[in-house]
1. Which of the residues belonging to region 1-18 are over 14 Å from Val39 (Cα atoms), within 10 Å of the ligand (Cβ to nearest atom) and not small (Gly, Ala, Ser)?
2. Quick check on my filter: what residues within region 108-143 are surrounded by fewer than 22 Cβ atoms within 10 Å (Cβ to Cβ) and closer than 18 Å to Ala22 by Cα?
3. Applying the selection to region 218-259, what residues are part of a helix (DSSP H, G or I) and surrounded by 21 or more Cβ atoms within 10 Å (Cβ to Cβ)?
4. What helices (runs of 4 or more DSSP H) lie completely within region 1-118 and have 2 or more residues being at pLDDT 95 or above?
5. State whether one or more residues within region 219-238 are touching a residue at least 60 places away in the same chain (Cβ under 8 Å) and within 15 Å of the ligand (Cβ to nearest atom).
6. How do the pairs read when you match residues in region 117-128 that are touching a residue at least 40 places away in the same chain (Cβ under 8 Å) and within 14 Å of the ligand (Cβ to nearest atom) with residues anywhere that are among the hydroxyl-bearing types (Ser, Thr, Tyr) and in a helix (DSSP H, G or I), using Cβ under 8 Å and keeping only pairs 6 or more apart or on different chains?
7. Can you work out which of the residues in region 184-214 that are in a loop (DSSP other than H, G, I, E, B), within 12 Å of the ligand (Cβ to nearest atom) and aliphatic (A, V, I, L, M) is surrounded by the fewest Cβ atoms within 10 Å (Cβ to Cβ)?
8. In region 260-288, how many residues are exposed (fewer than 15 other Cβ atoms within 10 Å of the Cβ) and either under 14 Å from Asp209 (Cα atoms) or among the hydrophobic types (A, V, I, L, M, F, W, C) (or both)?
Amino acid sequence: KKVIFSGMQPTGVITIGNYFGALKNWVKLHNEYNCLFCVVDMHSITTRQDPVKLRKSARELLALYIAAGLDPDENLIYYQSHVPEHAELSWILSCFTYMGELNRMTQFKEKSQKSELNLNAGLYTYPILMAADILLFKTDLVPVGNDQKQHLELARDIASRFNGIYGDTFTVPEPYIAKMGARIASLQEPTKKMSKSDENPNAYISLLDEPSVIRKKIKKAVTDSDALIAYTEEKAGIRNLIDIYCLSKDITTDEALEHFQGKGYGELKEQVADALIAELEPIQKRFKEILSDKAYLDGIILKNAESASRLAERVLRKVKKKVGYPQ
Ligand code: TYM
């Protein structure tokens, strides 16, 4: 079987952007691959975190992976910080990554504008750690949203460069970016992507928002001044709502457009909310059950970290030998 690796940061809430752009695709693909789904807590500390909150968010994200449908017996679900090989490989790869490449990362450029007070080196080398995550496990496929595409290209470049110098070592990973859902837009500024760090909570929907909150946020979603339901570039708000509808119902855009023909924005919003609530309610229910079973979660955490570590060690040993670390 081929290998899938992907991860999410346990920072703040998980949005329906994270869900439709990544998590839901993981659930769709997981049967056909050997999968590792990581809670990337080491990435999270590139911005200042409250330690109590970070620990809680990490555990909740792990529970959410399972609640969304990833069986922890079939998939390696674990915390990045529990597998020190990530950090070890990251250092080696940083010696094969050029500053010019990191300077070109658009996410770094955006973040560095926002975080003047804590412009740390981790924020800068973050894409190298992400490359290490992926390359540690001979990953073939990385299912992510559109905003991670550039990071993935860097991981491919680093892998190819290393292979070019030392001979075949890393598998060069392919991105998996679905056509629909790869960029769920902000509900308030639909030309921007939905982001959990948005100051306005009406701009995003958390996977754990109560149905009444979901309904309220969809109702407030920015649309446009004519009243025609169409799927065009200019109608970013409507297009985003149709995407959310299609993704919740697993139908195509054409099917949705036919369904909404002749209907108004009020009705569209009503039905988008219904569909999204129907999709998220079972996940929310399972999430609560899983989180309350402490022994179950603790067992998974320990067992999976050990398994991931054992797998990572195989690749890392080869890499260390190639670069000339003493044996
Ligand atoms: P993160 O935690 O920001 O986001 C997790 C996943 O959600 C996707 N995503 C979106 N998809 C569609 N629409 C949106 N509005 C939206 N917002 C976020 C992201 O593309 C991502 O797939 N660096 C990564 C985490 C990471 C990783 C990895 C991913 C670390 N190591 C190795 C894959 C492989 C990140 O910060 O994602």
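The values are calculated or read from the model by the stated rules, or taken from the named source; none is laboratory data. Computed from a prediction, not measured in an experiment: that's the story for all the values here. Positions of Cβ are generated from backbone atoms using ideal geometry, with glycine treated the same way; all protein chains shown enter the neighbour counts.
1. Answer for region 1-18, where residues must be over 14 Å from Val39 (Cα atoms), within 10 Å of the ligand (Cβ to nearest atom) and not small (Gly, Ala, Ser): Ile4, Thr15, Ile16.
2. Asp140, Leu141
3. The answer is Ile218, Ile238, Asn240, Leu241, Ile242, Asp243, Ile244, Tyr245, Cys246, Leu247, Ser248, Ala256.
4. Where helices (runs of 4 or more DSSP H) fall fully within region 1-118 and carry at least 2 residues being at pLDDT 95 or above, they are 24-29, 41-44, 51-67, 85-94, 99-103.
5. No, region 219-238 contains no residue that is touching a residue at least 60 places away in the same chain (Cβ under 8 Å) and within 15 Å of the ligand (Cβ to nearest atom).
6. Leu123/Ser112
7. Leu207
8. Count: 5.
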